[in-house]
Amino acid sequence: MNPISLIVAVSTAVVLTGVVLLVLAIRGREPDSAPDFVRNRRFGSRLSLRGKGPEARSRRLRAAAAAVALVGVWVLTGWPVAALLVSGGILAVPYLFGAARQAKRRIARLEALEEWTRRMADSMASGSGTVQTIVRSAHNAPDAIAADVTTLANRLSTPRWDKQAALRQFADTFDDAPADMVAIALGIAVSTQGARRVTDVLRDMAAQVSEEVEAQRAIEADRAEPRSVARNILIILAVLVVAIVLAGQFTRPYGTPLGQMVLVALGAVTFTALLWMRRLQLGTPVPRILVDAPVPEAGEER
């Protein structure tokens, strides 16, 4: 590669890296300054380069590694498509291979929801009001859902928040059918004075969530081996591709414009296959109940 081509490649890589980091920074705004849509906020938090803790540090390291790979691969091979594919792959690894981690997190949150729901039913059976019980439960909520319960308690304690809207958004943080059922039962208890039967409903909901947790654990145990096999195959494939590229003679045609188009097609096929594999690993979730339900605006009078 001559000096002019090297300068062009490095300059283009720096510009593209700046654009990527700018997009990540915009999409990753802090929750307090972001629009009040749970899914958008949760998606943005996964892309944010700010914040503290191991997850934020891991995102920053991946972004830095992707930027270095973008420049390095482009300089070494002179293939812009290969540089983009490698850097994009580094950024996408946690998503494409995070199905097991996501399933584990879902199981932990459902287990915490089951424990919290049982506590709620026991407290309400002793005569405590629903709102007061939820507010008090924030002090000893299970760790996996402590932040969500605290947010719900704060909203229920604020007069400007509609209680049904607060419960609906609490269910949205789970994005899961069992949480919808719990939110509906609590909504009935909040709306009806002396709704004693709701405690029995909550106990039934807790039992159903417990059964769901056990079923998901069994499913994840069956999926562990196929995931490991697929991961090992992809690692072997990546090593093979690197070895072929370093060989030089076999990959020379990819340096032409037609070869770059072929790389785009191969990258698209590979990425689609990985997405399909991730979808198979996650399975099909049970449809939510509250997904199309109208939500009152915060502060709306009931």
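Only the coordinates and a few stated rules stand behind these numbers; no lab work does. Here the structure is a predicted model, which means the values were calculated and not measured. In this analysis, Cβ positions are derived from the backbone assuming ideal geometry, glycine residues included, and neighbour counts consider all displayed protein chains.
Work out the FRET efficiency for V131 and T192 from their Cβ-Cβ distance, taking R0 = 22 Å, and round it to the nearest 0.05.
After rounding, the FRET efficiency stands at 0.95.
For the range 111-222, which semi-axes, largest first and in whole Å, follow from the square roots of 5 times the eigenvalues of its Cα gyration tensor?
Computed over the range 111-222, the values are 23, 16, 12 Å.
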